[in-house]
Amino acid sequence: MTQDLDALPLIAPEPRPGSNLPEFTVGDLARRLKRSIEDEFGFVRVRGEISQPKKHSSGHCYMRLKDDTAVIEAVCWRGTMSKLVVKPEEGLEVIVNGRMTTYPGRSQYQLIIESMELAGEGALLKMLEERKRRLAAEGLFEPARKKPIPFLPDVIGVITSPTGAVIRDILHRLSDRFPRHVLLWPVAVQGERAAAEVTAAIQGFNRIAPGGRVPRPDLLIVARGGGSLEDLMAFNEENVVRAAAASAIPLISAVGHETDTTLIDFASDLRAPTPTAAAEMAVPVRAELLAQILDDERRLLACASRAVEDRRNRVEGLARGLGDPRALLEGHAQRLDDRAERLNLAAAALLERRRTRVGELAAKLRHPREKLAEAGQRLASEGRALDGALRHAVTTVESRYQRVAGRLSLTPARVKLGEAERRMADLSPRLDRVYGKSVEERGAKLAALGQLLESYSYKGVLERGFALVEDREGRPITTAEQAVPGLAVTLVFGESGRVGATVDGGEPKIVEAKKPEVKKPRPVPVQGSLF
């Protein structure tokens with residue numbers, strides 16, 4: 001029942017007590033409020049939406065939890081942050097467990113978060129969709145980034161739990177189809193450690209160097225059995241998705257059953273609906289390959305046989321269209337004999353005609369003595385004319401020589417020769433000085449290099465009290481593993497000498513030290529004057 005407020009009688013307020021109230025300091029009051037709130041709300045479970053999450057440099061995370069009517073300040077300490085399955089994100093609806101306390105420095109109450117979970121599957125799907133959009137915008141899901149799966153990998157790396165049925169299914173399927181070398185990287189596939197271990201496994205397989213003691217996988221399979229959305233949450237984490245996208249080795253994701261989808265499926269190079277299907281995608285069927293090879297071999301042999309038979313039939317057909325080679329050669333041989341006989345007769349007739357022609361020409365020629373007499377007369381007249389011309393030329397040359405001889409002198413040549421001799425005399429001492437200076441510089445550089453080499457020598461270390469341990473062949477012993485018990489060794493003490501010893505109580509043996517051979521300096525060649 002409701003009553004009219006105006007009808008209620010007015011009650012006079014009681015007088016407020018004054019001097020009887022206890023007096024508190026600000027700190028005392030703040031501490032009593034803190035104690036009261038912590039006693040009343042020692043452990044609470046709160047549902048709300050995360051607002052303004054801020055991660056401090058110290059590792060703590062400060063945020064607000066709000067709903068339609070109120071806002072509560074909250075803080076998650078660094079140790080708790082590393083254990084959270086769900087990381088705080090803006091707008092994420094969560095359910096947190098923690099305890100209420102106050103912060104006297106700001107006169108406010110706050111919630112200390114000890115665990116955090118999503119408020120429902122809808123909130124989880126919203127977070128995954130937002131994360132998927134953000135990673136897709138960075139290009140991690142682009143088809144151009146995906147690498148082809150090798151046809152027949154030699155080594156397959158499997159990342160899954162070592163105790164589940166997944167690894168047994170994969171090994172069984174690989175054994176049935178095509179046995180391969182399998183490397184298992186055991187990880188947790190559910191829980192707080194799962195995401196970090198899967199990321200470390202993908203990166204660890206990629207860090208294996210080719211040709212090492214552990215073979216580098218040609219293909220990776222990340223596998224897990226089916227489960228709820230929360231169970232598969234580790235394969236939706238951002239670090240796992242980035243590791244799968246950055247893997248240099250082709251990667252097949254086989255997480256959950258056919259209807260389960262995680263973010264690693266978008267970043268992997270190939271998605272398999274089940275772990276067993278991943279093994280089937282990884283290798284072909286060996287029996288089918290053998291059958292295909294045998295069929296290809298049979299078809300190749302049949303094709304080659306048909307080709308040879310076709311060529312044989314064609315050659316035989318062409319041979320039937322040709323005539324008998326002996327008959328063809330007989331006709332040509334007879335024609336060649338006829339041509340040879342006609343050629344001999346023609347050569348004899350031609351020789352007779354040439355002999356007759358020569359006789360006719362010889363009758364028309366004069367006697368050689370007549371031609372020689374005419375030639376002698378002609379040469380005598382030409383010789384007399386040539387003798388006169390030669391005498392005239394000699395007279396002309398002698399007159400010209402006498403005129404030019406008066407103008408010729410050797411004085412300029414003697415002057416140039418004297419200057420050249422003086423220059424040569426100046427060059428000789430300059431050459432000696434330059435060569436001497438070059439020899440001094442090279443000697444100083446050689447001395448400096450010798451001092452540097454001497455400073456690097458181990459003999460200087462031995463002179464300071466250290467000793468060098470050598471075996472019987474003179475090889476230095478540098479590790480404790482080489483000094484086996486009973487080994488005969490030699491202790492080198494610089495210039496003092498060498499002492500024989502045996503490891504673990506052997507009888508010492510003194511060996512005379514060999515004096516180092518002193519190399520005499522090589523004389524520096526001095527080049528003399530060239531003139």
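What the table shows:
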| quantity | calculated |
| --- | --- |
| Residue satisfying condition, being at pLDDT 85 or above and either in a helix (DSSP H, G or I) or acidic (D, E) (or both), within set G443, G450, G460, G436 | G443 |
| Test set (1) modelled with pLDDT of 85 or more; (2) not assigned by TED's automatic domain parsing to the domain that holds S175 - E280 fails condition number | (2) |
| For L183: the one exception among (1) closer than 30 Å to R47 by Cβ; (2) without any contact (Cβ under 8 Å) to a residue 60 or more places away in the chain | (1) |
| Residue within segment 112-123 that is in contact (Cβ under 8 Å) with a residue 60 or more places away in the chain, within 16 Å of C61 (Cα to Cα) and more than 46 Å from the chain's Cα centre (by Cα) present | no |
| Answer from V187, V158 - the residue that is in the same structural domain as M233 (by TED's automatic domain parsing) and within 30 Å of H60 (Cβ to Cβ) | V187 |
| Some residue of segment 75-84 being in the same structural domain as L33 (by TED's automatic domain parsing), touching a strand residue (DSSP E or B) at 6+ places or on another chain (Cβ under 8 Å) and either aromatic (F, W, Y) or farther than 22 Å from R193 by Cα (or both) | yes |
| A304 vs. criteria surrounded by 10 or more Cβ atoms within 10 Å (Cβ to Cβ), out of contact with any Leu (no Cβ under 8 Å at 6 or more places or on another chain), assigned to a helix (DSSP H, G or I) and free of Cβ contacts under 8 Å to residues at least 40 places away in the same chain | yes |
| Residue match in segment 421-435 (condition: within 17 Å of E495 (Cβ to Cβ) and among the aliphatic types (A, V, I, L, M)) | no |
| Residue check for P179: of a type outside the set (A, V, I, L, M, F, W, C) and under 20 Å from P273 (Cα atoms) | no |
| Positions within segment 68-116 being surrounded by 14 or more Cβ atoms within 10 Å (Cβ to Cβ), aliphatic (A, V, I, L, M) and assigned to a strand (DSSP E or B), in sequence order | I72, A74, V75, V94, I95, V96, M100, L111, I112, I113, M116 |
| Selection from segment 439-468 of residues that are among the small types (G, A, S) and free of Cβ contacts under 8 Å to residues at least 24 places away in the same chain | A444, A447, A448, G450, S455, S457, G460, G465 |
| Qualifying position, being surrounded by 13 or more Cβ atoms within 10 Å (Cβ to Cβ) and modelled with pLDDT under 90, among G157, G120 | G120 |
| Residue among I167, I149, I202 that alone is surrounded by 14 or more Cβ atoms within 10 Å (Cβ to Cβ), touching a Pro at 6+ places or on another chain (Cβ under 7 Å) and at pLDDT 90 or above | I149 |
| Residues being in a loop (DSSP other than H, G, I, E, B) and either hydroxyl-bearing (S, T, Y) or out of contact with any Lys or Arg (no Cβ under 9 Å at 6 or more places or on another chain) (or both) - total across segment 196-217 | 8 |
| Filtered residue count, segment 46-67, keeping only those that are crowded, with 16+ Cβ neighbours inside 10 Å, without any contact (Cβ under 8 Å) to a residue 40 or more places away in the chain and not hydrophobic (A, V, I, L, M, F, W, C) | 2 |
| Members of segment 151-188 found to be touching a Phe, Trp or Tyr at 6+ places or on another chain (Cβ under 8 Å) and assigned to a loop (DSSP other than H, G, I, E, B), listed by number | L152 |
| Among (1) crowded, with 16+ Cβ neighbours inside 10 Å; (2) farther than 22 Å from P153 by Cβ; (3) modelled with pLDDT of 90 or more; (4) more than 32 Å from the chain's Cα centre (by Cα), the one test that R242 misses | (4) |
| Cβ pairs under 8 Å, 6+ apart, first in segment 286-301 and within 15 Å of L152 (Cα to Cα), second surrounded by 11 or more Cβ atoms within 10 Å (Cβ to Cβ) and basic (K, R) | R286/R177 |
| Failed item, numbered, when E129 is tested on (1) surrounded by fewer than 13 Cβ atoms within 10 Å (Cβ to Cβ); (2) not in a helix (DSSP H, G or I) | (2) |
| Hits in segment 469-485 (condition: without any contact (Cβ under 8 Å) to a residue 12 or more places away in the chain and part of a strand (DSSP E or B)) | P476 |
| Residue count, segment 165-220 (criterion: among the charged types (D, E, K, R) and closer than 24 Å to T262 by Cα) | 7 |
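The values are calculated or read from the model by the stated rules, or taken from the named source; none is laboratory data. Predicted, not measured: the structure shown is a model, and the values here were computed from it. Glycine gets a Cβ as well: all are built from the backbone with ideal geometry, and neighbour counts include every protein chain shown.
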